[in-house]
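Written out below as structure tokens is the structure these notes cover.
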Amino acid sequence: MPEDPPNSAPAHGPTIYEVARRAGVSIATVSRALRDTGPVAPRTRAKVLAAVEELRFTPSRLGVSLAEGRHAANGIVFPDLSGPYYAEVVLGYEEVASELGRSVIILSARGRSNVRDQVKDLAGRVDGLVVFGHTVDDATVRELMAAGLPVVLLARAPIAGADLVASENIATAGVLTEHLLGHGYRDLTMLGASTGDDIGERWAGVTRALSAHGLTAGPPVPCEFTVDGGLAAGRDLLRRRTRPEAVICADDQVALGMLLAAEELGLDVPGDLAVTGWDDIMAARHARPALSTVRQPMRELGARAARALDELITGARATTRHQTLATELVVRTSCGEHPPQEDL
């Protein structure tokens, strides 16, 4: 294969390595000269700039990251990738990561028995990691942080020394519970068991509000966090000798499954049973009856996590920060009150 002419750029486009060879310096020196991030002798800088001009080289973030021992990639560990909630969070994350010039490597923990090993392998290929929910145990998170990897926790219980981005759960769950109590409901059931994350906080808010009225609720009923999971659990729950007056579901998908179960069994919502969800996905407002739920900024959660991680990677911020995003109750017809005009 013939060599490139002395003053022409290679057909595949010049790289930072070719600039370094042309100038007779290391790629780290090329990076420092172009970014002015360290001491470079004037003569050496002139050689680098001449090589850049000769090769018509345009620096890429990836090339500079390689020169600095970085990957230009972030990792994010999700419990699952199915469903609108996760999709919205991923969209928000990727939009900001793209703006920052970073690629994203996503690891789904669903169906994996060796998540810890997979996460540790991923940690070696990225500049920082976002851990969503309780997909990674606290000990592994601390181990990664001790090794110097920037970590941001998303929608889970905090860990000392780690950034956290989460939605407010406890207070808004109390508002939701008070709304149901105001309608006269007293026998409330929570559907979708989870601890150590945002759903666990929701149940803490519900039980706290009930306790203030001298009421109690049993432990949350387990189910998969899908429409099918809500449907299966709903069938079982509503066939019991004594069914609840209201079901507070862990998320909107579970609630939509509960609505289907009630319809199958000929029950009227909200006449025979009140149902609420959480998230305010698009399907919630178009369900029949329209679903009362709690709106949380799903896409903003991902966006905030991406920005926080970039700050830690670049050194723009060295201190730990916890961000809590506001949530709000959205009342529709599934718990006995007519919806506001904008949700029709």
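The values are calculated or read from the model by the stated rules, or taken from the named source; none is laboratory data. Nothing here was measured: the structure is a model prediction, and the numbers come from that model. When we count neighbours, we look across all protein chains shown, and the Cβ atoms used for this are built from the backbone with ideal geometry, even at glycine.
Counting only helices (runs of 4 or more DSSP H) that fall entirely inside region 1-88 and contain at least 1 residues that are in contact with a helix residue (DSSP H, G or I) (Cβ under 8 Å, 6 or more places away or on another chain), modelled with pLDDT under 85 and surrounded by 18 or more Cβ atoms within 10 Å (Cβ to Cβ), the qualifying elements are 16-23, 27-35, 61-67. With a requirement of 2 or more residues that are within 24 Å of residue 275 (Cα to Cα), under 17 Å from the mean Cα position of the chain (by Cα) and small (Gly, Ala, Ser), none of the helices (runs of 4 or more DSSP H) lying completely within region 98-199 satisfies it. Among the candidates 299, 285, the residue that is surrounded by fewer than 23 Cβ atoms within 10 Å (Cβ to Cβ), at pLDDT 95 or above and either on the phi > 0 side of the Ramachandran plot or in a helix (DSSP H, G or I) (or both) is uniquely 299. Checked against the criterion of being in contact with a His (Cβ under 8 Å, 6 or more places away or on another chain) and buried (at least 22 other Cβ atoms within 10 Å of the Cβ), the candidates 197, 163 yield just one match: 163.
Only one entry of 277, 336, 257, 271 meets the criterion of being on the phi > 0 side of the Ramachandran plot, out of contact with any Lys or Arg (no Cβ under 7 Å at 6 or more places or on another chain) and of a type outside the set (D, E, K, R), and that entry is 336. A Cβ distance below 9 Å, combined with a sequence gap of six or more or placement on separate chains, defines the contacts here; from region 258-280, residues that are over 28 Å from residue 326 (Cα atoms) reach residues that are part of a strand (DSSP E or B) and not β-branched (Val, Ile, Thr) in the pairs 273/246. The C-beta contact set for region 121-139 (first residue over 19 Å from residue 81 (Cβ atoms), second residue outside any helix (DSSP H, G or I) and basic (Lys, Arg), distance under 8 angstrom, 6+ apart or interchain) comprises 127/70; 127/102.
Regarding residue 262, is this residue within 18 Å of residue 203 (Cβ to Cβ), in contact with an Asp or Glu (Cβ under 9 Å, 6 or more places away or on another chain), part of a helix (DSSP H, G or I) and not assigned by TED's automatic domain parsing to the domain that holds residue 84? Show your work before the answer.
Details: within 18 Å of residue 203 (Cβ to Cβ): no; in contact with an Asp or Glu (Cβ under 9 Å, 6 or more places away or on another chain): yes; part of a helix (DSSP H, G or I): yes; not assigned by TED's automatic domain parsing to the domain that holds residue 84: yes.
No: the conditions fail for residue 262.
Being surrounded by fewer than 23 Cβ atoms within 10 Å (Cβ to Cβ), over 19 Å from residue 193 (Cβ atoms) and under 23 Å from the mean Cα position of the chain (by Cα) narrows it down to one residue among 333, 324; which is it? Only one candidate qualifies: 324.
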